[in-house]
Amino acid sequence: MEKTFYVTTPIYYVNDVPHIGHAYTTLACDVMARYKRSRGYQVAFLTGTDEHGQKVEAAAKTNGETPLELADRVVKRFQALWDKLNISHTDFIRTTQERHKHTVQEQFKTIEAKGDIYLGEYEDWYCTPCETFWTETQMINGNCPDCGRATTKLKEESYFFRMSKYQEQLLAHIEANPDFIQPKSRRNEILSFVREGLRDLSISRTSFSWGIPVPGNEKHVIYVWFDALTNYISALGYPEDQNQLFATFWPAVHVIGKDILRFHTVYWPTFLMAAGLPLPQQIFAHGWWTVEGQKMSKSLRNVVEPHMLADTYGVDTIRYFLLREVPFGLDGDFSHSALIGRINSDLANDLGNLVSRSTAMLGKYFGGTLPQADVAEAIDDRFVDIFSETVRKSDALLNEMAFNKALIVIWELISAGNKYIDDTAPWTLAKDPSQQQRLGTVMYNLIDSLRVIALLITPFMPETAEKILTLLGRETSSLHTEEFDFSVRLTAGTTIDKATPMFPRIETQ
Ligand code: ME8
């Protein structure tokens, strides 16, 4: 049996343009997808756009265009950004696609046939920006408890999903599967929410029309969250599953922001239970980015545009920074000074320096030809031992999506490399003809550490890794496979090119 891995981002609303928050989630998924591929997994990686609902309908109206025109326009911005950031998704779903509409209607029919959808009347407070109903008691000062904005009272005929029926089954699942919701703080939050009791959920609207019609009653459109969540299986071709994608890849790991935790850990699992489908493998909710200490918002004009960031600082730099700066799961703050600090210290001083010093010395002392590692001393063995130790530690951390810790561990190896240079002082060895073999050993180990580092940073910084691997003679070695083999060391005699500076320092006033 082949090992498989299915990772998803939320599908982003098309009434907003992409910013670093969206880029963050998508990058995290990309790192997981690339990491799992490098370990021999067959990977499905899904992202896309959420194009239905009142919010999109209203935004289109403001712009004087149809909702589909709006979606067609904005979806291009998301797709262009993912290309720019080197996102390796295997599918991109739009909820206006026929394949998606079909699955949503089938899912509705299945749950209705089971008796878990019924027609009733809804009267409650609706927050349009969040597309969520609230009861009187849930609101804060009459406003939406999530976003703080004003709500409106809505009364309409509505289809309901018997969510209350699944309360105990959901609780039992969360309790029996500690990794189902991560991080732990989010799991606890949902456990107490579910313990307070689940109400049946209104899953259709009659007050607007931009959505997927309820099968057999076209006056109603299906609730945008019932619609949107189904994307995770519609992209796999469920229920017909002609290409066996559902059979191969489901269940998924869903990576989301903490803002949409309840939809993913309560609504979605109970819909799946009602449809008789296995629950997701895991839902990981990361934290929230602010910008220079403030909430990102169009009115504050402080939305950080990832496209521009990548043009200014480089794609890999942004990929590195976002995943290194904040522990995945916690909130973080974006600032240009923090970004420049990381570029100068971690990228220019640590990684860039190690690569350029090592390859320059090899050029100088051995004409760029990799020598044998013949005369190892304790200091050399200690350094080489760190290679496999780092791989082991970083593997364990990546499997927990502890991206920043994995990067810290990888950077410890980089620092160890720079320290190894200082401690062995190759320039001194080079002056002594009797130390030529020893110098060879040191140079071999240094260059070989670049191989391990490149392989380890590949999921995070694919272009940088590629550059290093090319210097190391990618074409002639075992480094060209997707499934990286950390244990195969470089072959002596290989010609290694001298690196050009990869991360110039940024001087600020
Ligand atoms: O909620 N910090 O779409 P959305 C970190 N369509 N992450 C952020 C962020 C920030 N400041 N801002 C946004 C929706 N995000 C629904 C999802 S899924 C079936 C339907 C990221 O466009 C984060 O991943 O509002 C968050 O969950 C997502 O964007 C919300 O995107």
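What follows is calculated from the coordinates using simple rules that are stated; it is not laboratory data. These numbers were taken from a predicted model, which means no experiment stands behind them. Here the Cβ is made from the backbone with ideal geometry for all residues, glycine too, and neighbour counts use every protein chain on show.
Structure summary
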{"item": "Flag for I111 being over 27 Å from N302 (Cβ atoms) and in contact with a Gly (Cβ under 9 Å, 6 or more places away or on another chain)", "result": "no"}
{"item": "Residue within region 260-274 that is under 30 Å from F133 (Cα atoms), among the β-branched types (V, I, T) and under 20 Å from the mean Cα position of the chain (by Cα) present", "result": "yes"}
{"item": "Test: residue in region 103-111 that is farther than 16 Å from D227 by Cβ, touching a Phe, Trp or Tyr at 6+ places or on another chain (Cβ under 7 Å) and buried (at least 18 other Cβ atoms within 10 Å of the Cβ)", "result": "no"}
{"item": "Any hit, region 337-349, residues being of a type in the set (A, V, I, L, M), buried (at least 20 other Cβ atoms within 10 Å of the Cβ), closer than 14 Å to M502 by Cα and out of contact with any strand residue (DSSP E or B) (no Cβ under 9 Å at 6 or more places or on another chain)", "result": "yes"}
{"item": "Test: W250 is touching a strand residue (DSSP E or B) at 6+ places or on another chain (Cβ under 6 Å) and either within 13 Å of the ligand (Cβ to nearest atom) or within 30 Å of T4 (Cβ to Cβ) (or both)", "result": "no"}
{"item": "Hits in region 253-283 - residues which are within 21 Å of Q42 (Cβ to Cβ) and within 13 Å of the ligand (Cβ to nearest atom)", "result": "H254, V255, P280"}
{"item": "Any chance L201 is without any contact (Cβ under 8 Å) to a residue 60 or more places away in the chain, within 16 Å of the ligand (Cβ to nearest atom) and not small (G, A, S)", "result": "no"}
{"item": "Hits in region 250-293 (condition: among the polar types (S, T, N, Q) and closer than 18 Å to H22 by Cβ)", "result": "T290"}
{"item": "Lone unmet requirement of (1) farther than 25 Å from K467 by Cβ; (2) of a type in the set (K, R); (3) touching a residue at least 24 places away in the same chain (Cβ under 8 Å) for R357", "result": "(1)"}
{"item": "Residue identified as within 16 Å of the ligand (Cβ to nearest atom) and either more than 19 Å from D227 (Cα to Cα) or buried (at least 23 other Cβ atoms within 10 Å of the Cβ) (or both) among V43, V17", "result": "V17"}
{"item": "Residue match in region 319-326 (condition: basic (K, R), more than 15 Å from the ligand (Cβ to nearest atom), out of contact with any strand residue (DSSP E or B) (no Cβ under 7 Å at 6 or more places or on another chain) and part of a helix (DSSP H, G or I))", "result": "yes"}
{"item": "Residue match in region 418-430 (condition: surrounded by fewer than 22 Cβ atoms within 10 Å (Cβ to Cβ) and under 31 Å from the mean Cα position of the chain (by Cα))", "result": "yes"}
{"item": "Region 225-241 residues that are over 28 Å from C130 (Cβ atoms), paired with ones that are aliphatic (A, V, I, L, M) and surrounded by fewer than 24 Cβ atoms within 10 Å (Cβ to Cβ) (beta carbon under 8 Å, 6 or more apart)", "result": "G237/L245; D241/A247"}
